[in-house]
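Report on the following structure.
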Amino acid sequence: MTDTDPREPQLPAPAPYTPPVADAQPAYTPPVADAQPAYTPPVADAQPAYAPPAAPAPYQSRQYGQPGGVPPYAGQPGSPYQPPYIPLASQRTNTLAIISLVTAFFLSPAAVITGHMALSQIKRTGEGGNGLAVAGLILGYVGVFFGLIWFAFIIVATVAGIAESSSSYSY
């Protein structure tokens, strides 16, 4: 007698394994060698599917613009083309702003100092990098804040350790 729950559905027993037959025929039929697709040769009198190009217009001078029907160069008055894109000179980034952001991750007081120096230089010279300097300052001040909290924790732990070690032991 098996110990099964009568509420669970009973599964039928699996079918026994039957090995494959070695002499079985393939499930497909090979293609017939004589079968060729239907081919119709092109008609010799057929017209082309496109129109031949038109003959060029004779050389004529325009009253305005360039002679011979050539459009004026881009940027000239009456030109249908836009002038080429010329990128503006890239604004130089303040080096101290970059140093401030980089040092904020491992030397926070240096980040604060170089950040303030960078902001004053950016204001004076008009260089780029204002966002980098501000980010370096924020991260630097956050690092200094957590550094002071860590220093205070070490002082409190040291004082508590000294106070506990100086207590009298009773043997």
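Values quoted throughout were computed directly from the atomic coordinates according to the rules given, and no laboratory measurement underlies them. Quick caveat, the model's predicted, so the values are computed rather than measured. In this analysis, Cβ positions are derived from the backbone assuming ideal geometry, glycine residues included, and neighbour counts consider all displayed protein chains.
Quick look at the values:
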{"item": "The range 139-161, residues that are of a type in the set (Gly, Ala, Ser) and within 23 Å of residue 99 (Cβ to Cβ)", "result": "140, 143, 147"}
{"item": "Complete set of residues in the range 87-111 that are under 18 Å from residue 148 (Cβ atoms) and in contact with a Ser or Thr (Cβ under 8 Å, 6 or more places away or on another chain)", "result": "103, 110, 111"}
{"item": "Matching residues in the range 116-133 - criterion: being within 17 Å of residue 89 (Cα to Cα) and of a type in the set (Val, Ile, Thr)", "result": "125"}
